[in-house]
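Worksheet for the structure shown next.
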Amino acid sequence: MKTTAKLYTQPLSEAVGQQILNVENVNLCDLHEASIINLFKAEGVLLFRDFATSVEIFTSFTNKFSQNFMDYTGGVFNRRIINGDSTVLSVNDFNCEIKLHGEMYYQKNIPLMLWFFCAHPAAQDGETVVCDGKQFFDELSQPLKELFSQKKLKYRGHIGKETWQKQYKTDDVRVVAQICQSNDVDININEDESIDIHYICSAIHPNRSGESMVFINSLLPAKNMSPNSVAFDDGSEIDNEVMLELNEIAAKIAVKICWEKGDILMVDNTRIMHGRRAFVDNTRDIYLRLCSPSFSY
Ligand SMILES: [Fe+2]
(Lines give C-alpha, C1' and ligand atoms only; values in the text may rest on other atoms or scores of the structure.)
Protein backbone atom coordinates (compact mmCIF):
# COMPACT_ATOMS: atom_id res chain seq x y z
CA MET A 1 0.00 0.00 0.00
CA LYS A 2 1.19 3.54 -0.73
CA THR A 3 2.16 5.50 2.34
CA THR A 4 0.16 8.63 1.66
CA ALA A 5 -2.32 9.13 4.51
CA LYS A 6 -2.56 12.80 5.52
CA LEU A 7 -1.36 13.90 8.97
CA TYR A 8 -3.83 15.43 11.41
CA THR A 9 -1.82 17.41 13.91
CA GLN A 10 -2.37 19.28 17.15
CA PRO A 11 0.28 21.07 19.24
CA LEU A 12 1.73 18.99 22.07
CA SER A 13 2.19 22.20 24.08
CA GLU A 14 2.48 25.94 23.50
CA ALA A 15 6.25 25.71 23.25
CA VAL A 16 7.26 22.49 21.51
CA GLY A 17 6.10 19.35 19.75
CA GLN A 18 3.12 18.11 17.77
CA GLN A 19 0.68 15.25 18.20
CA ILE A 20 -0.33 13.24 15.15
CA LEU A 21 -3.84 11.95 15.71
CA ASN A 22 -5.65 9.10 13.98
CA VAL A 23 -8.71 11.01 12.77
CA GLU A 24 -9.57 8.90 9.71
CA ASN A 25 -8.82 5.46 11.13
CA VAL A 26 -5.70 4.85 9.04
CA ASN A 27 -2.77 2.51 9.64
CA LEU A 28 0.22 4.09 11.30
CA CYS A 29 2.54 2.72 8.61
CA ASP A 30 0.42 4.39 5.87
CA LEU A 31 1.11 7.92 7.13
CA HIS A 32 2.93 10.14 4.64
CA GLU A 33 6.61 9.62 5.48
CA ALA A 34 8.01 12.89 4.12
CA SER A 35 5.43 14.86 6.12
CA ILE A 36 6.47 13.06 9.31
CA ILE A 37 10.14 13.75 8.61
CA ASN A 38 9.54 17.46 7.90
CA LEU A 39 7.42 17.86 11.02
CA PHE A 40 10.04 16.05 13.13
CA LYS A 41 12.80 18.31 11.79
CA ALA A 42 10.76 21.39 12.68
CA GLU A 43 9.44 20.24 16.07
CA GLY A 44 12.00 17.80 17.50
CA VAL A 45 9.30 15.73 19.23
CA LEU A 46 6.17 14.02 17.83
CA LEU A 47 3.50 11.98 19.62
CA PHE A 48 1.51 9.44 17.54
CA ARG A 49 -1.82 8.75 19.26
CA ASP A 50 -4.91 6.56 18.70
CA PHE A 51 -3.31 4.33 16.06
CA ALA A 52 -3.58 0.54 16.28
CA THR A 53 -0.16 -0.45 17.59
CA SER A 54 1.75 -3.40 19.04
CA VAL A 55 5.43 -4.02 19.74
CA GLU A 56 5.71 -5.44 16.20
CA ILE A 57 4.08 -2.36 14.62
CA PHE A 58 6.25 -0.10 16.80
CA THR A 59 9.33 -1.97 15.58
CA SER A 60 8.47 -1.84 11.88
CA PHE A 61 7.28 1.80 12.03
CA THR A 62 10.48 2.94 13.74
CA ASN A 63 12.59 0.87 11.31
CA LYS A 64 11.24 3.05 8.48
CA PHE A 65 12.79 6.22 9.89
CA SER A 66 15.84 5.01 11.77
CA GLN A 67 19.15 3.19 11.55
CA ASN A 68 22.16 2.33 13.76
CA PHE A 69 20.01 0.90 16.55
CA MET A 70 22.00 0.70 19.79
CA ASP A 71 21.74 -2.01 22.47
CA TYR A 72 22.54 0.40 25.36
CA THR A 73 25.99 -1.04 26.10
CA GLY A 74 27.61 1.32 28.62
CA GLY A 75 24.23 2.73 29.73
CA VAL A 76 23.67 3.23 33.43
CA PHE A 77 20.22 1.67 33.94
CA ASN A 78 19.03 -1.95 33.92
CA ARG A 79 16.83 -2.39 30.87
CA ARG A 80 14.89 -5.51 29.83
CA ILE A 81 15.09 -6.82 26.26
CA ILE A 82 11.60 -6.94 24.71
CA ASN A 83 10.51 -9.78 22.37
CA GLY A 84 14.11 -11.04 22.10
CA ASP A 85 15.11 -7.92 20.11
CA SER A 86 18.09 -6.24 21.81
CA THR A 87 17.15 -2.93 20.13
CA VAL A 88 13.75 -2.79 21.88
CA LEU A 89 14.25 -2.15 25.61
CA SER A 90 12.19 -1.42 28.66
CA VAL A 91 12.88 2.04 30.08
CA ASN A 92 14.24 0.90 33.47
CA ASP A 93 13.43 -1.01 36.61
CA PHE A 94 12.57 1.58 39.25
CA ASN A 95 9.77 4.06 39.95
CA CYS A 96 11.34 7.33 41.08
CA GLU A 97 11.49 10.60 39.18
CA ILE A 98 14.15 11.01 36.48
CA LYS A 99 14.92 14.64 35.78
CA LEU A 100 15.22 16.10 32.27
CA HIS A 101 18.27 14.85 30.34
CA GLY A 102 19.63 13.97 26.94
CA GLU A 103 20.01 10.19 26.58
CA MET A 104 23.57 8.87 27.21
CA TYR A 105 25.19 12.31 27.28
CA TYR A 106 27.81 10.85 29.66
CA GLN A 107 29.66 9.35 26.64
CA LYS A 108 30.61 10.46 23.11
CA ASN A 109 28.44 8.08 21.08
CA ILE A 110 24.89 9.12 21.85
CA PRO A 111 21.75 7.95 20.07
CA LEU A 112 20.74 10.91 17.89
CA MET A 113 17.11 9.81 17.99
CA LEU A 114 14.84 8.05 20.51
CA TRP A 115 11.52 6.26 20.19
CA PHE A 116 9.20 5.44 23.12
CA PHE A 117 6.24 3.06 23.03
CA CYS A 118 3.58 2.93 25.72
CA ALA A 119 2.80 -0.78 26.19
CA HIS A 120 0.95 0.04 29.41
CA PRO A 121 0.48 3.42 31.10
CA ALA A 122 0.59 3.83 34.88
CA ALA A 123 -2.90 4.08 36.43
CA GLN A 124 -1.75 7.50 37.63
CA ASP A 125 1.44 9.62 37.49
CA GLY A 126 4.52 8.28 35.63
CA GLU A 127 4.18 10.86 32.85
CA THR A 128 7.17 11.30 30.56
CA VAL A 129 8.29 14.92 30.38
CA VAL A 130 10.08 16.67 27.54
CA CYS A 131 11.49 20.13 26.93
CA ASP A 132 13.20 22.01 24.14
CA GLY A 133 16.92 22.33 24.95
CA LYS A 134 17.06 25.54 22.91
CA GLN A 135 14.34 27.07 25.08
CA PHE A 136 16.23 25.83 28.16
CA PHE A 137 19.38 27.62 27.01
CA ASP A 138 17.45 30.81 26.24
CA GLU A 139 15.98 30.77 29.77
CA LEU A 140 19.42 30.59 31.44
CA SER A 141 20.60 33.75 33.20
CA GLN A 142 23.58 35.48 31.60
CA PRO A 143 25.96 34.30 34.40
CA LEU A 144 24.93 30.66 33.82
CA LYS A 145 25.26 31.02 30.03
CA GLU A 146 28.81 32.25 30.65
CA LEU A 147 29.56 29.57 33.25
CA PHE A 148 28.52 26.75 30.91
CA SER A 149 30.44 28.23 28.00
CA GLN A 150 33.60 28.50 30.14
CA LYS A 151 33.44 25.21 32.03
CA LYS A 152 32.58 21.72 30.81
CA LEU A 153 30.94 18.98 32.84
CA LYS A 154 32.95 16.06 34.16
CA TYR A 155 30.87 12.90 34.69
CA ARG A 156 32.62 10.42 36.97
CA GLY A 157 31.84 6.96 38.27
CA HIS A 158 33.32 4.21 40.42
CA ILE A 159 31.86 0.92 39.19
CA GLY A 160 32.27 -2.46 40.88
CA LYS A 161 33.04 -5.57 38.78
CA GLU A 162 29.56 -7.04 38.97
CA THR A 163 28.00 -3.77 37.85
CA TRP A 164 30.32 -3.11 34.91
CA GLN A 165 29.81 -6.69 33.72
CA LYS A 166 26.10 -5.93 33.39
CA GLN A 167 26.50 -2.38 32.14
CA TYR A 168 29.02 -3.23 29.39
CA LYS A 169 27.60 -6.72 28.70
CA THR A 170 31.01 -8.43 29.05
CA ASP A 171 33.19 -10.23 31.62
CA ASP A 172 36.37 -8.92 30.00
CA VAL A 173 37.67 -5.65 31.40
CA ARG A 174 39.75 -5.15 28.23
CA VAL A 175 36.51 -4.99 26.23
CA VAL A 176 35.23 -2.38 28.70
CA ALA A 177 38.43 -0.39 28.17
CA GLN A 178 37.91 -0.53 24.38
CA ILE A 179 34.29 0.63 24.67
CA CYS A 180 35.35 3.49 26.95
CA GLN A 181 38.15 4.47 24.59
CA SER A 182 35.78 4.63 21.61
CA ASN A 183 33.55 6.92 23.70
CA ASP A 184 36.36 9.24 24.88
CA VAL A 185 35.71 7.96 28.40
CA ASP A 186 38.86 7.80 30.58
CA ILE A 187 39.11 4.53 32.48
CA ASN A 188 41.26 3.35 35.38
CA ILE A 189 41.19 -0.35 36.25
CA ASN A 190 41.72 -0.96 39.97
CA GLU A 191 43.32 -3.98 41.67
CA ASP A 192 39.96 -5.32 42.84
CA GLU A 193 38.75 -5.10 39.19
CA SER A 194 36.47 -2.19 39.92
CA ILE A 195 36.86 0.69 37.46
CA ASP A 196 36.95 4.47 37.74
CA ILE A 197 35.72 6.33 34.70
CA HIS A 198 35.27 9.93 33.71
CA TYR A 199 34.03 11.80 30.70
CA ILE A 200 34.25 15.51 29.94
CA CYS A 201 31.64 17.20 27.79
CA SER A 202 30.02 20.61 27.46
CA ALA A 203 26.54 21.08 28.94
CA ILE A 204 25.60 23.24 25.94
CA HIS A 205 25.88 22.46 22.24
CA PRO A 206 25.32 24.39 19.01
CA ASN A 207 22.21 23.20 17.16
CA ARG A 208 22.48 21.64 13.70
CA SER A 209 22.41 24.94 11.81
CA GLY A 210 24.91 26.42 14.27
CA GLU A 211 22.61 29.42 14.73
CA SER A 212 21.56 28.79 18.32
CA MET A 213 22.68 26.96 21.44
CA VAL A 214 20.99 23.99 23.07
CA PHE A 215 21.23 23.02 26.76
CA ILE A 216 21.26 19.22 26.67
CA ASN A 217 23.21 16.92 28.99
CA SER A 218 22.77 14.45 31.87
CA LEU A 219 23.47 16.98 34.63
CA LEU A 220 20.06 17.19 36.34
CA PRO A 221 19.47 13.45 36.99
CA ALA A 222 23.17 12.77 37.68
CA LYS A 223 23.26 15.47 40.36
CA ASN A 224 19.89 14.36 41.74
CA MET A 225 20.56 10.61 41.93
CA SER A 226 24.27 10.63 42.70
CA PRO A 227 25.54 14.11 43.67
CA ASN A 228 29.24 13.19 43.36
CA SER A 229 28.87 11.81 39.85
CA VAL A 230 29.23 15.18 38.13
CA ALA A 231 31.35 18.31 38.64
CA PHE A 232 33.01 20.90 36.43
CA ASP A 233 36.07 19.80 34.45
CA ASP A 234 38.36 22.04 36.53
CA GLY A 235 37.40 20.00 39.60
CA SER A 236 35.11 22.66 41.08
CA GLU A 237 31.72 21.52 42.34
CA ILE A 238 28.43 22.61 40.75
CA ASP A 239 26.85 24.50 43.62
CA ASN A 240 23.28 24.46 44.87
CA GLU A 241 22.49 27.90 43.51
CA VAL A 242 23.29 26.74 39.98
CA MET A 243 21.22 23.58 40.44
CA LEU A 244 18.34 25.62 41.88
CA GLU A 245 18.20 27.85 38.80
CA LEU A 246 18.38 24.83 36.47
CA ASN A 247 15.64 22.97 38.34
CA GLU A 248 13.42 26.06 38.28
CA ILE A 249 13.80 26.38 34.51
CA ALA A 250 13.10 22.65 34.11
CA ALA A 251 9.92 22.94 36.19
CA LYS A 252 8.79 25.96 34.15
CA ILE A 253 9.30 24.57 30.64
CA ALA A 254 8.71 20.80 31.02
CA VAL A 255 5.83 19.45 28.92
CA LYS A 256 4.01 16.39 30.29
CA ILE A 257 3.14 13.41 28.08
CA CYS A 258 0.19 11.73 29.80
CA TRP A 259 0.60 8.28 28.25
CA GLU A 260 -2.23 6.39 26.63
CA LYS A 261 -1.82 2.73 25.72
CA GLY A 262 -0.27 2.39 22.25
CA ASP A 263 1.23 5.90 22.09
CA ILE A 264 4.50 6.32 20.20
CA LEU A 265 6.87 9.22 20.88
CA MET A 266 9.63 10.28 18.44
CA VAL A 267 12.40 12.40 20.03
CA ASP A 268 15.38 14.32 18.61
CA ASN A 269 18.06 13.52 21.23
CA THR A 270 20.26 16.40 20.00
CA ARG A 271 17.66 19.00 20.93
CA ILE A 272 14.90 17.64 23.17
CA MET A 273 15.54 16.57 26.77
CA HIS A 274 13.26 13.97 28.36
CA GLY A 275 12.58 12.65 31.85
CA ARG A 276 9.73 11.10 33.77
CA ARG A 277 7.63 11.69 36.85
CA ALA A 278 7.61 9.20 39.72
CA PHE A 279 4.88 6.55 39.91
CA VAL A 280 3.75 3.66 42.11
CA ASP A 281 1.90 1.47 39.59
CA ASN A 282 4.26 -1.39 38.70
CA THR A 283 2.25 -2.28 35.59
CA ARG A 284 3.63 0.87 33.84
CA ASP A 285 5.51 -0.48 30.83
CA ILE A 286 7.25 1.86 28.39
CA TYR A 287 9.66 0.62 25.71
CA LEU A 288 12.56 2.48 24.14
CA ARG A 289 14.66 2.35 20.96
CA LEU A 290 17.95 4.24 20.66
CA CYS A 291 19.06 5.01 17.10
CA SER A 292 19.89 7.58 14.41
CA PRO A 293 17.58 9.04 11.76
CA SER A 294 17.81 7.19 8.43
CA PHE A 295 16.88 10.42 6.61
CA SER A 296 19.24 13.33 5.95
CA TYR A 297 19.22 15.71 8.85
FE1 LIG B 1 16.45 8.68 29.35
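The values are calculated or read from the model by the stated rules, or taken from the named source; none is laboratory data. Since the model is a prediction, treat every value here as computed from it, not as a measurement. So basically every Cβ, Gly included, is an ideal-geometry build from the backbone, and we count neighbours across all protein chains shown. Side chains included, ligands, DNA and RNA excluded: accessible areas come from the protein's heavy atoms. Shrake-Rupley method; radii C 1.70, N 1.55, O 1.52, S 1.80 Å.
Considering segment 75-94, and only residues there that are touching a residue at least 40 places away in the same chain (Cβ under 8 Å) and open to solvent by 50 Å² or more (accessible area, probe 1.4 Å), the residue that is farthest from the ligand (Cβ to nearest atom) turns out to be Asn78.
The sole residue among Ile189, Ile216, Ile197, Ile204 that is open to solvent by 70 Å² or more (accessible area, probe 1.4 Å), in contact with a strand residue (DSSP E or B) (Cβ under 7 Å, 6 or more places away or on another chain) and modelled with pLDDT of 95 or more is Ile189.
Here are Ala42, Ala15: which of them is in contact with a helix residue (DSSP H, G or I) (Cβ under 8 Å, 6 or more places away or on another chain), aliphatic (A, V, I, L, M) and either assigned to a loop (DSSP other than H, G, I, E, B) or closer than 24 Å to Gly275 by Cβ (or both)?
Going through Ala42, Ala15 in turn, the sole match is Ala15.
Listed residues Val214, Val242, Val267; which is closer than 22 Å to Leu46 by Cα, over 13 Å from the mean Cα position of the chain (by Cα) and not in a loop (DSSP other than H, G, I, E, B)?
Val214
Summed over segment 245-264, residues that are open to solvent by 20 Å² or more (accessible area, probe 1.4 Å), within 15 Å of the ligand (Cβ to nearest atom) and in a strand (DSSP E or B) total 0.
If you check every pair at least six apart or on different chains, which have Cβ atoms under 6 Å apart with a residue in segment 146-169 that is free of Cβ contacts under 8 Å to residues at least 60 places away in the same chain first and a residue that is in a helix (DSSP H, G or I) second? Correct list of pairs: Trp164/Val176.
Within segment 266-283, take every residue that is touching a His at 6+ places or on another chain (Cβ under 8 Å) and within 15 Å of the ligand (Cβ to nearest atom) and give me the one that is most open to solvent (accessible area, probe 1.4 Å). Here the answer is Thr270. Scanning segment 103-150 for residues that are under 25 Å from Val55 (Cβ atoms), within 13 Å of the ligand (Cβ to nearest atom), in a loop (DSSP other than H, G, I, E, B) and open to solvent by less than 30 Å² (accessible area, probe 1.4 Å) returns Glu103, Met104, Pro111.
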